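The values are calculated or read from the model by the stated rules, or taken from the named source; none is laboratory data. Since we're looking at a predicted model, the values are computed, not measured. Virtual Cβ from ideal backbone geometry, glycine too; neighbours counted across all protein chains shown. Heavy atoms of the whole protein, side chains included, go into the accessibility calculation; ligands, DNA and RNA do not. Shrake-Rupley method; radii C 1.70, N 1.55, O 1.52, S 1.80 Å.
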Amino acid sequence: MARNTAIKAPAVLPRYVVLALMISVFAVLALRVVQLHTEENERLRVQGDKRYLRAVNIAPQRGRILDRNGQVLSVSTPMDSVAAEPGIFCKDQSLWRPMLDTIHLSKNKLRQRCAKFAQADFMYIKRQLPPAVVQRVMAMKIPGVEVRREYKRYYPGGPVSAHLIGFTDVDDNGQEGLERAFDTALKGQAGRKRVLQDLAGHHVESVESIQQVRHGQDLVITIDQRVQSQASRYLESAIKQHAAAGGSIVVLGIPSGEIIAMVNSPQFNPNDRSTLTAGVFRNSAVANVLEPGSTAKPFTIAMVLESGEVGVDTMVDTSPGYYQVAGHTIRDVHDYGEISVFDVVVHSSNVGTAKLALAFPFDDLYNTFEEVGFGGRAASLPGEISGVLKKRTRKIEHATLAYGYGFSATLLQLARAYTVFATDGVLLPVTLQPRKPGYRARGKRVFSAQTAASIRAMLEQAATPNGTARKARIPRYRIGGKTGTTLKVIDGSYKHKRYISLFAGLAPITDPQFVMVVAIDDPRGKFYYGGDVAAPVFADLMADLMRLYNVKPDDIEASQITAISKKAHEA
């Protein structure tokens, strides 16, 4: 018999239970919405900003360096750099190939950069590219790639002023010379702004300025790039002609004390960083010292004239062309016999200079040299070192100091010392800060005007056709100067047949406008005397100075110069 079975209907929840469950669900959802809008709103906003907003730096444009006439010596030109956000860019390397070919970068190098900056928000791919190249890269629309505006330093004069101006690094920070000394004023201050970027990491728009960019200040200096260029040309020519190792020239303006030119060789090109090897950017005119040799004799003679015990006509016996001092022999090139103090400078007599110096206490000579700036710094320029001037006790040291041995000075210090003969006995401060036209620097009186005039007459006579400085003469102008030929000091000792050829002079002698010192290092050709090697460089450059600055010619013949010098001697 079949059994009847009954199917039970499913249990139905009471309506009030269903209603309670629905209310509970809606309540949880409502509470979550409230939580998102209240407790987590700030956290979500920050996360969103991190994804779509970025703060980026705005590079300041570095100030220019200008010469006294407004000619640009150093300027920063806008350049674009390709950069990226590593978290986006480095994920898909399949997109790199077209860009790598365009910017000439290897895939391995880029992989290394991605590994290095994996945790960073920013990295450079390649810096300072031409704008056209950057435009092609950005047109590829590679995720995470962006462009950054930077500046690259450019030096229109190339190597001509490089030792003085210096150079910057790839970040446009000063590394040497004036670029380093005035870095804070030149570089300005970076700005900062907030930008909106899309999911690919590309900047969409600027949102706000966080900090205003402050561009660098221009720096104007006393250098005349026209003179600088000519000085460089004549210096390089002399070095080549005499197979020399290098050289330097310094030109000072009178009576302002402005540095008109300062050049050195060997040179380097700051626009080509492959030439920036260690030591080549050393500004030798202020960073290297040399013994002045015979260019120091006028200061010794000025000292004895200042005493009042010796006059220009006082006779000195230099026979037989040498002089024994404490077992040491001091020699002249020739036996000049008995000559006047005036002719001691004209003939550059070591014997006569030594005898005159030894007639006075050592301290008189030491103090005179110290008064004209030897042993100190001339202008505290970048890289400048002090000269060396020490107290001596031995008689032979007293004698040799008188004609320029046993102490050392930079070329700038020697040039500054010669300003006392161009200004009637006043030592001028020297500067790279331009002065107003007609400015007369306030200096320190060292010699009387009469003594300075007597020395000028001697220097002029030395530059007559029969003088040691005859090759320094220039047409239509009266000039004066002193030659010097000193043995090089290498590893603490004098080296045989290794010389520095010097010439220090001023022009025009009637109203000096410029002082110039030329040094040629280690000439290895036929000639090595300062009168043969350095004096012609002075003549060429001084002639250009007279023309460029419209200095009125003396318009006299060489025979008249000799007569004028003799008349000054007799006076």
Practice task
Of all residues in region 377-396, count the ones that are over 21 Å from Phe362 (Cβ atoms) and among the charged types (D, E, K, R).
Solution key: 2
Exercise for the section: Might you check whether a residue that is assigned to a helix (DSSP H, G or I) and touching a Gly at 6+ places or on another chain (Cβ under 9 Å) occurs anywhere in region 400-407? Expected result: yes
Fill in the blank from the handout: Flagged in region 479-537 as of a type in the set (S, T, N, Q) and either in a strand (DSSP E or B) or at positive phi (or both), in numbering order, are Thr483, Thr485, Thr486, Ser493, Ser501
Exercise for the section: Any chance you could count how many residues in region 335-352 are crowded, with 19+ Cβ neighbours inside 10 Å and of a type in the set (D, E, K, R)? Expected result: 1
Handout entry: Filter result (in a loop (DSSP other than H, G, I, E, B) and β-branched (Val, Ile, Thr)) within region 274-287
Key = Thr277, Val280
Problem - Meets criteria (open to solvent by less than 10 Å² (accessible area, probe 1.4 Å) and either more than 25 Å from Ala504 (Cα to Cα) or out of contact with any Ser or Thr (no Cβ under 6 Å at 6 or more places or on another chain) (or both)) for Thr295 - result: yes
Exercise for the section: Considering only residues that are open to solvent by less than 30 Å² (accessible area, probe 1.4 Å) and in contact (Cβ under 8 Å) with a residue 60 or more places away in the chain, look in region 110-147 and name the one that is farthest from Ser81 (Cα to Cα). Expected result: Gly144
Exercise for the section: Go through the residues of region 288-303 one by one and say whether even a single one is farther than 28 Å from Val250 by Cα and assigned to a loop (DSSP other than H, G, I, E, B). Expected result: no
Practice task
Answer with yes or no whether Phe447 is part of a loop (DSSP other than H, G, I, E, B) and closer than 16 Å to Pro298 by Cβ.
Solution key: yes
Fill in the blank from the handout: Residues of region 418-458 being under 17 Å from Gln513 (Cβ atoms) and touching a Phe, Trp or Tyr at 6+ places or on another chain (Cβ under 7 Å), in sequence order, are Val420, Ala452, Arg456
Exercise for the section: Would you check if Thr275 is in contact with a strand residue (DSSP E or B) (Cβ under 7 Å, 6 or more places away or on another chain) and either surrounded by fewer than 22 Cβ atoms within 10 Å (Cβ to Cβ) or closer than 21 Å to Leu414 by Cα (or both)? Expected result: no
Problem - When residues of region 510-533 are limited to those that are in contact (Cβ under 8 Å) with a residue 24 or more places away in the chain and closer than 18 Å to Ile260 by Cβ, the one most open to solvent (accessible area, probe 1.4 Å) - result: Gln513
Exercise for the section: For region 383-404, enumerate the residues that are surrounded by 21 or more Cβ atoms within 10 Å (Cβ to Cβ) and in contact with a helix residue (DSSP H, G or I) (Cβ under 7 Å, 6 or more places away or on another chain). Expected result: Gly387, His398, Ala399, Leu401, Ala402, Tyr403, Gly404
Handout entry: Which numbered condition Ser265 fails, given (1) within 18 Å of Ala441 (Cβ to Cβ); (2) under 15 Å from the mean Cα position of the chain (by Cα); (3) not hydrophobic (A, V, I, L, M, F, W, C)
Key = (1)
Exercise for the section: Sort through Leu428, Leu411 and tell me the only one that's surrounded by 24 or more Cβ atoms within 10 Å (Cβ to Cβ) and within 15 Å of Gly484 (Cα to Cα). Expected result: Leu411
Exercise for the section: Might you check whether a residue that is without any contact (Cβ under 8 Å) to a residue 60 or more places away in the chain and under 32 Å from the mean Cα position of the chain (by Cα) occurs anywhere in region 76-91? Expected result: no
Handout entry: Yes/no for Ile474 being of a type in the set (A, V, I, L, M, F, W, C) and crowded, with 24+ Cβ neighbours inside 10 Å
Key = no
Fill in the blank from the handout: Of the listed residues (Tyr494, Tyr499), the one being of a type outside the set (A, V, I, L, M, F, W, C), under 31 Å from the mean Cα position of the chain (by Cα) and open to solvent by 50 Å² or more (accessible area, probe 1.4 Å) is Tyr494
Handout entry: Test: residue in region 24-33 that is modelled with pLDDT of 65 or more and in contact with an Asp or Glu (Cβ under 6 Å, 6 or more places away or on another chain)
Key = no
Handout entry: Selection count where residues are open to solvent by 10 Å² or more (accessible area, probe 1.4 Å), modelled with pLDDT of 95 or more and over 19 Å from Leu541 (Cβ atoms), scope region 458-471
Key = 1
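Conditions (1) modelled with pLDDT under 95; (2) in a helix (DSSP H, G or I); (3) of a type in the set (D, E, K, R), marked per residue:
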residue	(1), (2), (3)
Phe360	no, no, no
Leu365	no, yes, no
Phe369	no, yes, no
Phe374	no, no, no
Ser380	yes, no, no
Lys390	yes, no, yes
Practice task
Would you be able to say whether some residue in region 353-374 is touching a residue at least 12 places away in the same chain (Cβ under 8 Å), surrounded by 18 or more Cβ atoms within 10 Å (Cβ to Cβ) and farther than 22 Å from Arg392 by Cβ?
Solution key: no
Practice task
Quick one: in region 304-330, of everything that is assigned to a helix (DSSP H, G or I) and open to solvent by 20 Å² or more (accessible area, probe 1.4 Å), which residue is farthest from Ser448 (Cα to Cα)?
Solution key: Leu305
